[in-house]
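Since the structure comes first, as structure tokens, the remarks are kept for the end.
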Amino acid sequence: MDQQDFSASPAPRSRKSEGLRFILFLFLLPFLNPWVRGDGVGYYAFARAPLIQHNLDFTEDYRHANESFRGPRLDLSNQPRSDFRTPTGHLDNHFAVGPAILWTPFLLVTHAGVLFARALGSSVATDGFSTPYRVTMAFATAFYAFLGLLLSFRLARQYIEERWALLATLSIWWASSLPVYMYFNPSWSHAHSCFTVALFIWYWHRTRSSRSLTQWLILAAIAGLMLNVYYANAMVLAVLAIEIARQYYFAFRPDASATPGSALRLSQLLLRHSLFAVVLLISLLPTFITRYLIYGSAFESGYIPLKDWLWRSPVFFSVLFSSNHGLLYWTPILLLAIVGLFLFWRREPRAGTPFLAAFFAFYLLISCYPDWAGISSYGNRFFVSLTSLFILGLAVFLDRAAKRFRSRRAALAAACVFFATCTLWNAGLMFQWGSHLIPARGSVSFSEIAHNQFFVVPRQLASNVHRYVFKRKAFMQQIEDRDLRQLEKNPPPP
């Protein structure tokens with residue numbers, strides 16, 4: 001199959017598709033939920049504290065956090081508990097600094113605007129917690145996720161007819177875990193992870209045929225950003241490992257010495273890969289510096305020590321099929337996407353092998369992680385990082401399935417019904433999870449989910465969407481109260 005140049009401008013039809021998606025993105029902005037909650041407290045603190053206080057004192061972030069986050073960390077006098085102090089005297093904040101890096105350009109503009117407004121007499125607080133800052137944070141998160149979807153679509157349409165690439169993009173957008181972290185919990189890192197991984201894979205694919213030294217350095221900077229956002233994204237570097245292994249295989253072949261310039265080619269490989277590693281390490285300085293300041297060691301993550309991971313007993317089955325946030329149990333559309341990745345590997349092994357390697361490396365890592373279920377998670381939230389691979393895989397699957405129909409019209413009609421069904425099911429399940437009709441933590445009952453989908457969600461959805469859009473603060477407080485009651489009944493293990 002002939003492929004168009006990946007660096008070429010999108011065709012007019014592609015521009016129309018991207019324009020329609022942008023209109024949809026703007027239309028959905030009222031669903032942005034500008035709150036800082038749970039893990040998001042730690043992520044947002046890395047942007048707010050340096051911007052407002054010019055330090056890494058997270059005391060105010062703890063005090064402004066939601067009760068389920070704040071309660072265990074503050075004493076009765078509203079002071080941080082001593083057991084949450086690190087050896088350097090800082091408050092524990094093991095969350096990655098990458099999302100703050102991506103938010104900061106937007107927040108700088110907002111902060112300047114708030115300062116200007118106050119000079120004109122406005123009373124809006126400049127503490128980083130007031131509405132303009134939180135709305136900016138939420139908008140930036142959704143914007144980055146949209147860019148990730150756009151890059152994923154552009155990758156998929158290099159191999160698959162545009163209609164299937166578009167439908168796959170829309171399906172993953174609304175039938176996976178992504179919308180929860182793009183709209184409902186924007187202070188978490190997963191939407192940023194979707195963007196940075198998509199950017200890395202897109203640029204890797206675009207430059208893989210003949211990557212210049214400058215392009216190697218740009219790729220390294222993107223990889224550094226990707227790892228600053230989420231440490232588990234290191235597994236995505238498997239696409240590069242496969243490429244590099246192939247390059248050295250051909251460089252060291254017995255007949256390579258007979259090829260003029262082969263020694264230079266090997267030296268070029270060593271130079272470019274060495275510089276890639278150097279720039280990658282430099283790009284990771286924000287992580288190393290913040291870890292050093294907070295924990296006293298640049299290599300202390302603050303997460304569960306590696307020695308306590310499940311290296312000898314990985315939970316491969318549970319990660320996929322457990323009712324406790326199993327990937328395919330909660331978001332079954334991803335099964336078709338994974339099948340599509342295998343189909344793509346068979347058809348395009350040069351690109352498919354690295355992509356499949358990245359998926360398996362990521363899957364292996366999460367299967368060994370003690371908190372593989374994500375604690376409070378919609379589906380298995382870690383895999384939001386692989387959105388671009390899932391969009392490509394689903395596009396391939398839809399394209400292959402369409403060939404079994406007698407006409408394109410019938411195939412497209414069936415695909416639209418499939419998209420609508422998956423989207424409606426996922427929307428109902430997101431509503432159940434977000435409103436705590438089902439537990440946010442631990443296992444859930446499929447029979448309860450199914451009963452709610454057909455008998456509870458239809459009754460409550462319209463009124464609650466109205467409250468979500470127009471009475472957001474009271475509605476969020478009600479959700480928080482439900483969460484606290486569920487935590488009291490089923491406290492997390494120590």
Quick check: is even one residue across the stretch 99-110 open to solvent by less than 60 Å² (accessible area, probe 1.4 Å), assigned to a loop (DSSP other than H, G, I, E, B) and within 24 Å of F69 (Cα to Cα)? no
Selection status of L280, among the aliphatic types (A, V, I, L, M) and under 21 Å from V229 (Cβ atoms): yes
For G121, the lone unmet condition from (1) open to solvent by 40 Å² or more (accessible area, probe 1.4 Å); (2) among the small types (G, A, S); (3) at negative phi is (3)
Hits in the stretch 451-466 - residues which are at pLDDT 85 or above and not hydrophobic (A, V, I, L, M, F, W, C): H451, N452, Q453, P458, R459, Q460, S463, N464
Pairs only if they're at least six apart or on different chains, beta carbon under 9 angstrom, first in the stretch 425-451 and over 19 Å from L320 (Cα atoms) and open to solvent by less than 20 Å² (accessible area, probe 1.4 Å), second at pLDDT 95 or above and among the charged types (D, E, K, R); list them, first residue then second. Q432/E448; I438/E448
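Quick grid of which residues meet (1) assigned to a loop (DSSP other than H, G, I, E, B); (2) more than 11 Å from the chain's Cα centre (by Cα); (3) within 22 Å of F46 (Cβ to Cβ); (4) among the acidic types (D, E):
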{"residue": "T126", "(1), (2), (3), (4)": "yes, yes, yes, no"}
{"residue": "R134", "(1), (2), (3), (4)": "no, yes, yes, no"}
{"residue": "A138", "(1), (2), (3), (4)": "no, yes, yes, no"}
{"residue": "L151", "(1), (2), (3), (4)": "no, yes, no, no"}
Is it fair to say W188 is touching a Gly at 6+ places or on another chain (Cβ under 6 Å) and hydrophobic (A, V, I, L, M, F, W, C)? yes
Among the candidates F431, F418, which residue alone is out of contact with any helix residue (DSSP H, G or I) (no Cβ under 7 Å at 6 or more places or on another chain) and at negative phi? F418
Of (1) surrounded by 14 or more Cβ atoms within 10 Å (Cβ to Cβ); (2) within 21 Å of N66 (Cα to Cα); (3) more than 26 Å from the chain's Cα centre (by Cα), L461 satisfies every one except (2)
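In this structure, is R406 outside any helix (DSSP H, G or I) and either at pLDDT below 95 or open to solvent by 10 Å² or more (accessible area, probe 1.4 Å) (or both)?
Yes, satisfied.
For every residue, the table says whether it meets (1) modelled with pLDDT of 95 or more; (2) open to solvent by 10 Å² or more (accessible area, probe 1.4 Å); (3) among the basic types (K, R).
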position: L147; (1), (2), (3): yes, yes, no
position: R163; (1), (2), (3): no, yes, yes
position: S171; (1), (2), (3): yes, no, no
position: A175; (1), (2), (3): yes, no, no
position: L178; (1), (2), (3): yes, no, no
position: V197; (1), (2), (3): yes, no, no
position: W202; (1), (2), (3): yes, yes, no
position: H205; (1), (2), (3): yes, yes, no
position: S210; (1), (2), (3): no, yes, no
Could you say whether any residue in the stretch 325-335 is at positive phi and modelled with pLDDT of 95 or more? yes
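Could you run through the stretch 283-302 and say how many residues are touching a residue at least 24 places away in the same chain (Cβ under 8 Å), closer than 14 Å to I101 by Cα and over 21 Å from the mean Cα position of the chain (by Cα)? Step through it out loud before you land on a result.
Filtering the stretch 283-302 for residues touching a residue at least 24 places away in the same chain (Cβ under 8 Å) gives 283-284, 286-287, 290, 293-296, 301-302.
Imposing the further condition that a residue be closer than 14 Å to I101 by Cα reduces the set to 283-284, 286-287, 290.
With the extra rule that they be over 21 Å from the mean Cα position of the chain (by Cα), the set shrinks to 290.
Of the residues in that region, 1 qualify.
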In the stretch 58-84, anything farther than 26 Å from I479 by Cα and either among the hydroxyl-bearing types (S, T, Y) or at pLDDT 95 or above (or both) is listed as S82
Pair list, Cβ < 9 Å and 6+ apart or interchain, from the stretch 399-413 residues that are touching a residue at least 24 places away in the same chain (Cβ under 8 Å) to residues that are surrounded by 12 or more Cβ atoms within 10 Å (Cβ to Cβ) and among the hydroxyl-bearing types (S, T, Y): D399/Y159
Of the residues in the stretch 53-87, those that are open to solvent by 60 Å² or more (accessible area, probe 1.4 Å) and either in a loop (DSSP other than H, G, I, E, B) or among the polar types (S, T, N, Q) (or both) come to H54, N55, D57, H64, P72, L76, S77, N78, Q79, R81, S82, P87
Taking the conditions exactly as written (of a type in the set (F, W, Y) and exposed (fewer than 15 other Cβ atoms within 10 Å of the Cβ)), does F22 satisfy them or not? yes
When the residues of the stretch 185-204 are narrowed to those that are among the small types (G, A, S) and not in a helix (DSSP H, G or I), which ends up farthest from P99 (Cα to Cα)? S187
From the options L269, L281, L275, residue that is at pLDDT 95 or above and surrounded by 13 or more Cβ atoms within 10 Å (Cβ to Cβ): L275
Among the numbered criteria (1) crowded, with 17+ Cβ neighbours inside 10 Å; (2) without any contact (Cβ under 8 Å) to a residue 60 or more places away in the chain; (3) assigned to a helix (DSSP H, G or I), which single criterion is violated by L389? (2)
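The values are calculated or read from the model by the stated rules, or taken from the named source; none is laboratory data. Owing to the predicted nature of the structure, the values given are computational and were not obtained by experimental measurement. Please note: Cβ atoms are built from the backbone with ideal geometry, for glycine as well, and neighbour counts cover all protein chains shown. Ligands, DNA and RNA are excluded from the accessible area calculation, which covers all protein heavy atoms including side chains. Shrake-Rupley method; radii C 1.70, N 1.55, O 1.52, S 1.80 Å.
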